[in-house]
Amino acid sequence: MAQGYKTKFSRSDDGTSYTPVAGMLDIDPGEESRGSVEMTPIDGTSGYMDYDPSGLRDAGEVSITLIWNESDSGQQALRADYDSDTNKHYKIEYPEGTTVELIAHITGWGKAVPKDDKITRTVKFKISGKPTVTAGS
């Protein structure tokens, strides 16, 4: 059974040299979706809507939860990414070797401060274009 333990998340300006982000607790890689074009003729007889699968695909969003650490260079880089107006390169590396490389921008920058647990940071990314998936072994 595959487990998420040892999954890594990193970021890059150019897609070649990546900086790991420390303290990741969870990652939600989201889900992709695709649009469809409604094609039901006004004189249809089936009583059901007709759709054509020619709509655009949306790679969705990724969300990560981190142990809050303002001194971590990876988390500092994410803050700079949030403050910028450009897409950046991000990579998810799964324990069995599969990697997902994506271009995205940060759309959410949250923090949770519970009274009896660790402080966490949640970061949300909107993916631009099609992610590149390389299968592991």
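Readers should treat all values here as calculations from the given coordinates under stated rules, not as data from a laboratory. What you see is a predicted model, and the numbers here were worked out from it, not measured in a lab. Positions of Cβ are generated from backbone atoms using ideal geometry, with glycine treated the same way; all protein chains shown enter the neighbour counts.
Quick notes
- Per residue, the convex hull spanned by the Cα atoms of the range 36-137 measures out at 203 cubic angstrom.
- The per residue volume of the convex hull around the alpha-carbon atoms of the range 72-113 is 104 Å³.
- Size of electric dipole in the chain: Cβ of Lys, Arg +1 and of Asp, Glu -1, about Cα centre, debye, nearest 20: 520 debye
- Span per principal axis, largest first, for the Cα atoms of the range 1-85 (Å): 64, 38, 24
- C-alpha center-to-center spacing [the range 81-101, the range 10-51] in angstrom: 16 Å
- Take the chain and mark each of the GluC sites (Glu not before Pro) that is in a DSSP loop with at most 10 other Cβ atoms within 10 Å; the longest unmarked stretch, sites excluded, is 71-137.
- Between the Cα long axis of helix 73-83 and the first principal axis of the chain there is an angle of about 50°, rounded to the nearest 10.
- Of all stretches in the chain that contain no chymotrypsin sites (Phe, Trp or Tyr not before Pro) in a DSSP loop with at most 13 other Cβ atoms within 10 Å, the longest one is 49-137.
- Of the trypsin sites (Lys or Arg not before Pro) in the range 1-68, those whose Cβ has at most 14 other Cβ within 10 Å and which sit in DSSP loop: K6
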